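Just below is one structure, and these are the notes that go with it.
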Amino acid sequence: MQTEALSSAHAGVVDGGARKFVQQQQQQQSLQQKSQIGSVSHLLAGGIAGAVSKTCTAPLARLTILFQVQGMHSDVTNMSKACIWREASRILSEEGIRAFWKGNLVTIAHRLPYSSISFYAYERYKNSLQLIPGMQSHGENLSADICVRLVGGGLAGITAASLTYPLDLVRTRLAAQRNVIYYKGFWHTLCTITRDEGVLGLYKGLGATLLGVGPSIAISFSVYETLRSFWQSQRPQDSTVLVSLACGSLSGIASSTATFPLDLVRRRMQLEGAAGRARVYKTGLFGTFGHIMRTEGMRGLYRGILPEYYKVVPSVGIVFMTYEMLKTLLSDTSDN
């Protein structure tokens, strides 16, 4: 309204060409401001969504980690036949109910920047990829849409994981502790790892992470958006929240099933040399795969998949649902 009033007031002074130039400049500034607001909305919505999701599913996440690493050392091999409920009971009786959220503050400290960077980078990569000739499908070219989502999701995942990896490693070290406490919080863990294993110790398992996080997020985003687009085209009257929750959950199951072996290897490599223990895997990423296959079989690569399934449905569903709701809320607030 102020722009229109200003233009009217100066109509008798500014000639037509100058007035057109001023209007173009004002439109560009307005678009720039909207773009910045949209970027902030993506960052805030992604970060809060990740934190809420991880807090809600922290008990299942810790169970997954404990099962994933149980075959590393001889003192935990007796857990190989333990079920989820028995292990949950053990944690409750031996460590207390708060132990289900062990390392959760570090999880949030990791997840806020990770989710924010992931969602923000995905939107940016997707927009950039759509500028490539042949990718401007506008919904007409399904294969181009899927390609953009796969590549954009993979690049976003790699970017986020690379920038926040030390936080993920610290979180794993804290969550994997049982009765014997060696690491006593975020800063103590960072300092202890740096002292015992050097700065490079903070990046153990990075190769497995980058190898797995690209396909993981690419599958998650592409399945989510493909399912959501199909659902909304067939049933446009359905609630956006319901569509986000259902499609997010299915995308999480697909992603976890495909990449779980890499996630298990990543966890074990992150715990190499933890608490002063001797190294178990000394031949890198592929050597670790081979060692697990020889000693534990194919089932060893999927150790902990059941609590992961229990976790991934609410976790990914909450992430996408909260993200969509917050993005809409923040966009409406900025418009007003």
Qualifying residue in the range 86-95 (condition: touching a helix residue (DSSP H, G or I) at 6+ places or on another chain (Cβ under 8 Å), among the β-branched types (Val, Ile, Thr) and at pLDDT 90 or above) | yes
Give the number of residues within the range 239-277 that are farther than 15 Å from Leu227 by Cβ and buried (at least 18 other Cβ atoms within 10 Å of the Cβ).
-> 16
Considering Leu31, Leu105, which residue is among the aliphatic types (A, V, I, L, M), exposed (fewer than 13 other Cβ atoms within 10 Å of the Cβ) and either at pLDDT below 85 or closer than 27 Å to Gly304 by Cβ (or both)?
-> Leu31
Filtering the range 176-213 for residues that are aromatic (Phe, Trp, Tyr) and within 30 Å of Ala254 (Cβ to Cβ) leaves a count of 1
The range 272-291, residues that are touching a residue at least 12 places away in the same chain (Cβ under 8 Å) and not in a helix (DSSP H, G or I) | Glu272, Gly273, Arg277, Val280, Tyr281
Residues that are modelled with pLDDT under 80, part of a helix (DSSP H, G or I) and either surrounded by 15 or more Cβ atoms within 10 Å (Cβ to Cβ) or not aliphatic (A, V, I, L, M) (or both), drawn from the range 137-147 = Ser143, Ala144, Asp145, Ile146
Only one of Gly276, Gly304 that is touching a helix residue (DSSP H, G or I) at 6+ places or on another chain (Cβ under 8 Å), modelled with pLDDT of 85 or more and on the phi > 0 side of the Ramachandran plot = Gly304
Would you check which residues across the range 208-223 are modelled with pLDDT of 85 or more and either among the aromatic types (Phe, Trp, Tyr) or over 20 Å from Ser53 (Cα atoms) (or both) and list them?
-> Ala208, Thr209, Leu210, Leu211
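Yes/no matrix, rows are residues, columns are (1) farther than 26 Å from Lys327 by Cα; (2) out of contact with any Pro (no Cβ under 9 Å at 6 or more places or on another chain); (3) outside any helix (DSSP H, G or I); (4) modelled with pLDDT under 90:
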position: Ser128; (1), (2), (3), (4): no, yes, no, yes
position: Met135; (1), (2), (3), (4): no, yes, yes, yes
position: Arg149; (1), (2), (3), (4): no, yes, no, yes
position: Leu167; (1), (2), (3), (4): no, no, no, no
position: Asn179; (1), (2), (3), (4): yes, yes, yes, yes
Scan the range 249-257 and give yes if some residue there is polar (S, T, N, Q), closer than 30 Å to Leu200 by Cβ and more than 20 Å from the chain's Cα centre (by Cα), otherwise no.
-> no
Determine whether Arg228 is basic (Lys, Arg), more than 16 Å from the chain's Cα centre (by Cα) and farther than 17 Å from Tyr302 by Cα.
-> yes
Looking only at the range 237-245, decide whether some residue is closer than 19 Å to Lys54 by Cα and in contact with a Ser or Thr (Cβ under 6 Å, 6 or more places away or on another chain).
-> no
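The values are calculated or read from the model by the stated rules, or taken from the named source; none is laboratory data. As the structure is a computational prediction, the values presented were derived from the model and not from experiment. For neighbour counting, all protein chains shown are included, and Cβ atoms are generated from backbone atoms with ideal geometry for every residue, glycine included.
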